[in-house]
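*Asks:* Take a look at this one; I'll ask things after.
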Amino acid sequence: MSPTVVLTVTVAGLVAVGVYLLTSRHLSRVVLGVVVMSNGVNLLLIAAAGPAGPAPIAGPGGAVPEEELASAADPLPQAFVLTAIVITFAVTAFGLALSYRLGRLEDDDVVHDAGPHRRTRGEPAGAAGPGDPDRDERHERAGGAPR
Amino acid sequence: MPLPVLLCLLGCAVTLVLGQRPRAQRAVSLTVLTAVVGASAALLVLAVTQGPQHVTMGGWPAGVGIGLVADRLSALVLLTSSLVTLAVMVFSVGQGRTGDTGTSPVSIYHPTYLALTAGVCIAFLAADLFNLYVGFEVLLTSSYVLLTLGGTGARIRAGATYVVVSLASSLVFLTGVGLVYAATGTVAMADLAGRIGALPPAVATALQLVLLVAFGIKAAAFPLSGWLPDSYPAAAAPVAAVFAGLLTKVGVYAIVRVHDLLFDPQTLRVLLMAVALATLVVGILGAVAQHDLRRMVSFTLVSHIGYMLFGIALGGAAGVAAAVFYAVHHILVQTALFLVVGLVEHRTGTTSLRRLGGLAALTPGTAVLFLLPALNLAGIPPFSGFLGKLALLRAGVADGRWDAWVLVVAAVVTSLLTLYAIARAWSAVFWSGRLGRADGPDEPREPVHGPAGGERPRRSMVAATTGVVVAVTALSLVGGPLLSVAEGAARDTLDAQRYLRVVGGVDDPGAEP
């Protein structure tokens, strides 16, 4: 199997951009990073299928002609990619909802460090850290209904 | 054979429809989970008496259709997990408020929980890598929803970390699947076992590393385990219990399958040994440092994953058998501990070691329920934790290489430190002091989850916890037979030829229960 250079370079570019976005502290950028990166991985699956060919669709008789079978595209990775796209779609929707909710709670969708680390660095424990129910409630009253 | 998966998905749909009727929803969930326990038990009996069972869905030829395989390994972990899911469901029904604030349009706890169970079943029964990926995604996506139930601030923040880490690991896994397919032209584990041997060693090692990183994140092996103690404590008590019991063990199961069935276990032996060592030691040191019962239990969870990795790294029937035995023990004991912590929290409204105290006089029953699995976890002789550790140490000593000896020492030290951590927690929570005594100045943590304190736990909550504790204690009584089943499971796993025969051969007509 020899994947085309164009595909390979595209995969590398998409994954690189995705990884860069994943390192952001803004959850919405992270979600975008996941989308870009999973597109890269999906293309990798397509590249893994080998050279392109005619669609591997069975004729009316139910059987594929022998000469077409040899050159036909590999259907299995395409099925994988379809499944992966559906999964990415669901997960992206969830990630966007999560970052929206985080934005409602914090005025910003930045993911902060967990509690104890903040405290050991001498930051004020109350500033949007975990275990600050007053802040949550205030924002919920302000219109961020829990959904 | 696909019965556990289908039942869960059907139950998920039905409970979704019954969203407005909590009673009917509960009845459906409990019935479905009981049926899943029955089906898994039947699968285990079949797998032990008649060898591995295999079925290809939809009547496609093997390699094209979705194959499911139940050998002794998958049937054993499947039965254990279905017992745990049933017990936790009973607990959460008793608790009533499972984090669902009542403001969401449909009650989503039950459907999501059943989808999670379905994902776990798919992952355990999958016969090819891609199906394993789908199983992982089903259970992970459900776990995102369960972890952030109610959408309170603490859960959203913990959930953000958890979701991003899980997504990254899923992408690494999918990359691994794509690369494996590119290298070998198949993802069915039976075919892979042979074809990977024919690859150049460097390519095989690269593939193994990619998959190991993906599963290492899910199993919370040390350098990749930081997400776990930050996210699990935020979840509702029953949710944390089922996560602790199942999710990391699905990762461990995947490592067993991939590491021992597909690739040459000797290639990455030293690496895996080092990871096991770091997981053991760093995890337990984290547990010793905690001032919160939930976080303490989460850190012991991470630490004891190291024992299973040790067994897997040893390879060979003895090592893998010990790892499998330990996994079964660990599923039950961690669920028991998290459920007891749930009881404590339900009763007092907090899990901070600095606020809790003197609970032994208040609820002697809970004290006993905590002590039994805790001693079991530390590996005190009559319990199954001791049997599992003993099997691991014997396998390690029998192996006799220097890295095995290092790990044997680390395992003993970790066991002692676990004893120290739980003794400290026991004395702080149940023995000394008074409830609600001096609030540490640097302890801003409020009881942000669960109902207000002072409530006596419902009878079904106690019953579910007692059930799991009894099960994990009884594990030491059936230790001998269980270990022999685990050895059989290990042989099933290691014997790629046999796996190939069953899966590649004609469908067993008796496979469908």
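*Asks:* What nm distance separates the two modelled labels at B:V203 and B:L477, each placed 7 Å from Cα along Cα→Cβ?
*Replies:* Between B:V203 and B:L477, the label points sit 5.4 nm apart.
*Asks:* Can I ask one more? Taking amide H positions as placed 1.01 Å from N in the peptide plane, with prolines and chain starts having none, which residues 5 or more places from B:D71, or on another chain, fall under 5 Å of its amide H?
*Replies:* For B:D71, the qualifying residues are B:Q53.
*Asks:* Report the paramagnetic label zone for B:R424: residues of the range B:276-306 whose backbone N is under 12 Å from a point 7 Å from Cα along the Cα-to-Cβ axis.
*Replies:* B:284-293, B:296-297, B:300
*Asks:* Give the calculated FRET efficiency between B:A289 and A:S71 to the nearest 0.05, with a Förster radius of 56 Å applied to their Cβ-Cβ distance.
*Replies:* Result of the calculation: an efficiency of 0.35.
*Asks:* Between B:L30 and B:A361, what's the calculated FRET efficiency when r is the beta-carbon distance and R0 is 35 Å? Round to 0.05.
*Replies:* Given R0 = 35 Å and the Cβ-Cβ separation, E is 0.55.
*Asks:* Which order do the peptides B:319-329, A:9-19, B:135-145 take when ranked by the mean count of other beta-carbon atoms within 10 Å per residue, highest first?
*Replies:* Top of the packing list down: B:319-329, B:135-145, A:9-19.
*Asks:* Now for a different question. Take the Cβ-Cβ distance between B:A41 and B:R21 as r, set R0 to 25 Å, and report the resulting FRET efficiency rounded to the nearest 0.05.
*Replies:* Computed FRET efficiency for B:A41 and B:R21: 0.25.
Every number here is computed from the coordinates shown, using simple stated rules; none is lab data. Keep in mind that what you see is a predicted model, and the values were worked out from it rather than measured. Every residue, glycine as well, gets a Cβ built from its backbone with ideal geometry; the counts of neighbours run over all protein chains shown.
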